[in-house]
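See below for the structure under consideration.
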Amino acid sequence: MIREKTNGWFSDSKKEHQELFSELDVLLRALDRFFHMENLPVSSGDFSEKNFFNELDAVRDVIFRILAILEVVIPESRKNAYWFQKFTESKYLSDHSRDLFKEKMYLQDTPEKGIYLMYDLFINLKGIITDLLKAGEISYLSYINVGQLISKEVRENIFLNPFSRDINPEFDSIKNPGITEVVKSIRDREVRKNISLIYVYLFRFLRYIRHIDITSQHSIALNSSLLILIMLRSEINMFHKFIKKISDMTRDEELAALLKSIAYQFSMETKRVYIQELKDVIRKKGSKHFRGKLENSQGILKNLIEQSTVQFTRFFNPKVQGKDLFDSFTTRHCQSMQLREDLFVLHRFISLLEEKATFPEIVPDVFKSMKKFMRHFESSTFKLLRYDDYDEFAHFFNSIFSCQEPDLNKILEKIRAFKIFLETTLRNIANRAELSDAPVNINGVEEIVKQYQ
C-alpha cells in the first residue's frame, strides 16, 4: 500500500491550500444537503414521479470540482503512487492481500489515508453517476440512494467529515478585533456564549458565500455555486430556529427585540431567494438567466448577513461602522437611495412611453431604451426589492422582455397597470427612516434616462 512518512504531506498541503480545504469542506456539506427534498427550491408535487436527471447532473459537476481540489492538494508523487497502487491491486494482488490493504486504509490512522479514501470515493462515484445519466431518466429512489451513499461515506471519513464538530476552529474562528471586543465586553457567561454562537453562524455563512463563483459561465462552477446556495437554505433554517430560541430566553427586552427583528429579516429575505429567485431554477439551468439568478441570490444573502452583523454589533457598540467589519460594505441608506433612484428612472421611462404614444415612429426607440435600462435594473437593483414587491416586478419585466416588436396598445395596457403599483412602491420607500432627509435628485434621474437613450 501507499507508504507515508511519520510526518506526512497532509499538514504542509493544508497550510499551502487553506482556501481549497475550506471549499472542500463547504462542497462536502453542500452535497449532503442537496439530497434532502425540503432544501430543494422546487414546486411541490409527487417526487416519485419526478425525473431527477438535472439534480444528479449538478451533483456530478460538484464531484468534478471536488476531484479537481483533491488532485491539487495531493502531491503529484503521491497521486502517481495512488494510481500505481490501484493498478497493482486490480492486477496482481490476491484476495487476501487486497483485504489487508483495505483494512489498513480503512483504519484512517493518518489524515493522508482519509484523503485517499475520499479521492477513491469520488473517482468511483464519477463513473457510476456518468453511467446512470446516460439513461436520461433518474428516479427518486435512485437519486436518494446515491445521496445516502455519499452521506454515509463522507460522515465516516475521520479527517474530512464536515459534520464531525458543531464548531470547527480551523474554519469558524473570527479575527475581527471589533467583534472580539464586543464579545469580551459581555459579562453574563450564558449571554456571551449565545452571542458568540450567533457571530459564528453569521461568519460561517459568509465563508460559504465566499466560495460561490458567479464569474464563470462553466457548468461546474455554476452548479457548485447552486449547491452552496441550497445548502445555505438548510443552514439558515437552523440559524433562524436558534436565534428565535435565544430571543425567547433572553431577559434583556431590547436584545430580544433585536433578535426577533433579525430573525424576521432572515425569514423574509430567504423567501426572496428560495421561493422567488431560485424557484425551479434546476429546471432552467440552460436559461441565459441561470447565472443571473445565482448572482442575485448571492447578493441578497451576502447583503442580509452583512447588514445583520453590523446591526447586531452596533447594539453593543454604536460606534462601529459597516466599513469597520466589511471592506465592501454598503449602508442601508445607500441601498435605499439606489433603489429609489432606479425606480424613479423606470417610472420616467414609463411616463415617456405614455407621452410619446401619439408619435408611433418614436415609440420603438423609447421602448428599446427602457428595456436596456430594465436589463441593468434586473442585474443590479432587483435584489434590493422587498419580498412582497418581487412577483409584481418580475411579472412586468418578463412581459416587457417577451415583446420583440412593440405593440403600442398592449404595451400601454401593461405599463398603466404596473405604473400604479410602481407609484405605491415609491411612496412606501419614501417612508423609510434612512431617506427622511434625502430628497430625490430629479436632475440625476433625468441624466440616467439620457444615458440609456
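The values are calculated or read from the model by the stated rules, or taken from the named source; none is laboratory data. The model shown is predicted, which means the values in this text are computed figures rather than measured ones. Methodologically, a virtual Cβ is constructed for each residue, glycine included, from the backbone with ideal geometry; neighbour enumeration extends over all protein chains shown. For the accessible areas, the whole protein counts, side chains as well, though only heavy atoms, and no ligand, DNA or RNA atoms are used. Shrake-Rupley method; radii C 1.70, N 1.55, O 1.52, S 1.80 Å.
What full-extension length gain, to one decimal in nm, is calculated for K193 and V440 as 0.36 nm per residue of separation minus the Cα-Cα distance?
84.5 nm
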Handout entry: Taking the chain and dividing mean pair separation by its residue count, relative contact order in percent (alpha carbons under 8 Å, at least six apart)
Key = 17
Exercise for the section: Keeping all protein chains in place, calculate the accessible area per residue for segment 30-186 (probe 1.4 angstrom), answer in Å². Expected result: 52
Practice task
Set Lys and Arg Cβ to +1 and Asp and Glu Cβ to -1, take the dipole of segment 20-146 about its Cα centre, and tell me which of Y143, N39, Y82 lies farthest positive.
Solution key: Y82
Problem - Convex hull of segment 200-303 built on C-alpha atoms - directionally averaged projected area, nm² - result: 6.5
Handout entry: Label-zone membership for segment 257-280, site D248, 7 angstrom Cα→C-beta point, backbone N under 14 Å
Key = 260
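What dipole magnitude, in Debye to the nearest 20, does segment 36-121 give about its Cα centre under +1 on Lys/Arg Cβ and -1 on Asp/Glu Cβ? Don't jump to the answer; show the numbers that get you there.
Numbers: 11 positive and 15 negative charges, 89 e Å.
That gives segment 36-121 a dipole magnitude of about 420 debye.
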Fill in the blank from the handout: Quick calc, segment 244-289, dipole around Cα centre from Cβ unit charges on Lys, Arg (+) and Asp, Glu (-), nearest 20 debye, gives 540
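If r is the Cβ-Cβ distance from C334 to K450 and R0 is 25 Å, what FRET efficiency results, to the nearest 0.05? Working shown, then result.
Details: r = 23 Å, r/R0 = 0.92.
Computed FRET efficiency for C334 and K450 comes out at 0.60.
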Fill in the blank from the handout: Short to long, in 20 Å steps from zero, the percent of alpha-carbon pairs of the chain per bin is 21, 46, 27, 6, 0
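If r is the Cβ-Cβ distance from S380 to R427 and R0 is 30 Å, what FRET efficiency results, to the nearest 0.05? Don't skip to the answer; put the middle values down first.
Numbers: r = 23 Å, r/R0 = 0.76.
Once the sixth-power term is evaluated, E becomes 0.85.
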Practice task
Can you work out the accessible area per residue across segment 207-351, with the rest of the protein chains kept in place, probe 1.4 Å, in square angstrom?
Solution key: 44
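How large is Rg/Rh for segment 1-77, to two decimals, with Cα atoms and a Kirkwood Rh?
On the way: Rg = 17.4 Å, Rh = 15.1 Å.
Ratio of gyration radius to Kirkwood radius: 1.15.
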Practice task
Could you work out the local net charge near M374, counting Lys and Arg as +1, Asp and Glu as -1, over the other residues with Cβ closer than 13 Å to its Cβ?
Solution key: +4
Problem - Potential lengthening between D95 and I275 on full extension [0.36 nm per residue; Cα-Cα distance subtracted] - result: 59.5 nm
Fill in the blank from the handout: Taking Cα atoms only, helix 18-33 is inclined relative to the longest principal axis of the chain by an angle, in degrees rounded to 10, of 80
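Summing -39500 (n - 2.57) over the DSSP H runs of n ≥ 4 in the chain and dividing by its residue number, what mean residue ellipticity at 222 nm do you reach, to the nearest 500 deg cm²/dmol? Intermediate values should be presented prior to the final figure.
Details: 19 runs with 317 residues, N = 453.
Helix contribution divided over all residues of the chain: -23500 deg cm²/dmol.
At R0 = 30 Å, how high is the FRET efficiency between K241 and K175 if r is their beta carbon distance? Nearest 0.05 is fine. If you can, show how the numbers build up before the last one.
Numbers: r = 27 Å, r/R0 = 0.91.
Efficiency for this residue pair is about 0.65.
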Problem - Length released on extending from S43 to A257, taking residue separation times 0.36 nm less the Cα-Cα span - result: 73.7 nm
Exercise for the section: Alpha carbons only, please: Rg and Dmax for segment 140-269, in angstrom. Expected result: 17.7, 53
Problem - Solvent-free Debye scattering, log10 I(q)/I(0), computed from the Cα coordinates of segment 367-453 at q = 0.10, 0.17, 0.20 Å⁻¹ - result: -0.29, -0.87, -1.19
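Tell me, what is the per residue accessible area of segment 361-453 in Å², probe radius 1.4 Å?
58
Ignoring ligands, DNA and RNA, what percent of the 1.4 Å accessible area of segment 323-383 is carbon and sulfur? Mind dumping the intermediate values first?
On the way: 1630 of 2950 Å².
Ligands and nucleic acids excluded, carbon and sulfur give 55 percent.
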Handout entry: Dimensions in Å of segment 163-217 - Rg and Dmax from alpha carbons
Key = 13.9, 50
Handout entry: Globularity index of segment 27-153, i.e. its alpha-carbon radius of gyration over 2.2 N^0.38 Å
Key = 1.23
Completion exercise
One checks the Cα atoms of segment 408-453 and finds Rg and Dmax, in Å, of 14.0, 40
Problem - Folded to 0 to 90 degrees: helix 332-355 orientation relative to the chain principal axis, Cα - result: 50
